[in-house]
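The values are calculated or read from the model by the stated rules, or taken from the named source; none is laboratory data. Since this is a predicted model, take the numbers as computed values, not measurements. For neighbour counting, all protein chains shown are included, and Cβ atoms are generated from backbone atoms with ideal geometry for every residue, glycine included. Side chains are part of the model used for accessible areas, which takes the heavy atoms of the whole protein and leaves out ligands, DNA and RNA. Shrake-Rupley method; radii C 1.70, N 1.55, O 1.52, S 1.80 Å.
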Amino acid sequence: MLKKYLFLTKPGILFGNFVTTLGGFFLAAQGSVDFLLLLITLLGTTLVVASGCVVNNVIDQDIDQKMQRTMNRALVKKTIRPNVALIFSVILGLLGFGLLWFFVNAYAFGFAVIGFVVYVVFYSLWAKRTTIHQTVIGSISGASPPVIGYTAVTNEFDVAALLIFLAYAFWQMPHSWGIAIYRFDDYKNANIPILPVARSIRRTKVESLLYVILFAAVLNGLYCFGYTNIFFLITFNALCAYWVYLSIIGFKAENDQIWAKRYFLYSVILITALSFSFSFSYVSPAPHLPIF
């Protein structure tokens, strides 16, 4: 039974957000890591994300039963009741938000609220079912954890926080569309108007390439504004160059599903490597360029 509750929280999404929170924290810490603060920030953020994922499972029951990869989820199989799942979500959320509010700071708490509300209300309840812009809207929630990690240390929203927010949001688009192409039939059967289904796979490949370029351009701002060192500049652009290469060869792919799986997996490798690289690619002391 515990395993069923664990899978309600979507462990894959939890791990991804754990890694990006860690990246934001490392960038801000500049090599001087407060491990207790790090632990509380990671735990609080993970609990908030888990709460949102459980609510998403409740909302998506009708969609999940039409998709091969989700049709065996506990709520679809009715091995967990929706009201019990919602209680579980409330407990997770209260614990997570409480940790961030009482033991971190208002910035971290605020971005957790933004991420949660966007994911549950604007994405799950509305955009996912109605518009091709669902991925853009959902990207706001995906970009919140690294900012939570960053502001947990700095207690301010500065230029670096803005850059990582924008960049991680841009990363979400090709990452998510890679999944959508790979699982094209699932999304089509569930009548989800995500870009490759609602428009075309070719258009999705074009827009994915554009967002990869935007992702690279924006995050290079960390070096331009003096937050990261030359190691970051070289390795990050090398990683992005390969993602651009994968984007381009996608136009001649003989099998879109095989290409999309490779494309999606590389996006995970890239963001993981990037987030961990912030533990040693920072500049200290970092410039003081607050926005608010």
Using all C-alpha to C-alpha distances in the range 213-292, build P(r) with 5 Å bins and read off the rounded percent in each one. 3, 13, 22, 21, 15, 10, 7, 5, 2, 1
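If I compute solvent accessible area with a 1.4 Å probe over the protein chains, what percent of it on the range 148-276 is carbon and sulfur?
Working: 3520 of 5480 Å².
Solvent-exposed carbon and sulfur of the range 148-276 make up 64 percent of the total.
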So, for the Cα atoms of the range 1-145, Rg and Dmax in Å stand at 15.6, 48
Out of the total accessible area of the range 12-74 (probe 1.4 Å, heavy atoms of protein only), what percent is carbon and sulfur? 63
The range 109-195, convex hull of Cα, quarter of hull surface, nm² -> 5.5
Dipole magnitude of the chain about its Cα centre (Cβ charges: Lys, Arg +1; Asp, Glu -1), debye to nearest 20: 1120
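To the nearest 500 deg cm²/dmol, what mean residue ellipticity at 222 nm is calculated for the chain from DSSP H runs of n ≥ 4 alone, each contributing -39,500 (n - 2.57), summed and divided by the residues?
Working: 16 runs with 212 residues, N = 292.
Value at 222 nm, helices only, nearest 500: -23000 deg cm²/dmol.
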What whole-number distance in Å separates the alpha-carbon centres of the range 180-196 and the range 93-161? 26
Mean Kyte-Doolittle hydropathy of 1.0 or higher plus an axial Cα length of 18 Å or more: which whole DSSP H helices in the chain meet both? 11-29, 35-59, 82-103, 159-182, 201-219, 230-249
Net charge near residue 134, counting Lys/Arg +1 and Asp/Glu -1 over other residues with Cβ under 13 Å of its Cβ? +2
Compute the distance in nm between two label points, each set 7 Å from the Cα along the Cα-to-Cβ direction, one at residue 126 and one at residue 4. 3.4
Beyond 31 Å (Cα-Cα) in this structure, taken from 3/205; 78/188; 78/205; 4/188; 128/261; 10/205, we find 3/205; 78/205
Taking only the alpha carbons of the range 1-54, the radius of gyration and the largest Cα-Cα distance, Dmax, both in angstrom, are 12.6, 42
Can you give me the C-alpha center-to-center distance between the range 55-91 and the range 1-54, rounded to a whole angstrom? 22
Using only the Cα atoms of the range 169-273, build the gyration tensor, take square roots of its eigenvalues as a ≥ b ≥ c, and label the shape rounded, prolate or oblate: rounded if a/c is under 1.5, else prolate if a/b is larger than b/c, else oblate. prolate
Calculated Rg and Dmax of the chain using C-alpha coordinates, Å: 18.8, 54
Linear extension gain, residue 199 paired with residue 254, 0.36 nm per residue minus alpha-carbon span: 17.8 nm
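In whole percent, what relative contact order does the chain give with Cα contacts below 8 Å and a gap of six or more residues?
Numbers: 457 pairs, mean separation 70.3, N = 292.
Worked out over the chain, it gives 24 percent.
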Tail weight of P(r) past 17 Å, computed on alpha-carbon pairs of the range 69-147, percent: 59
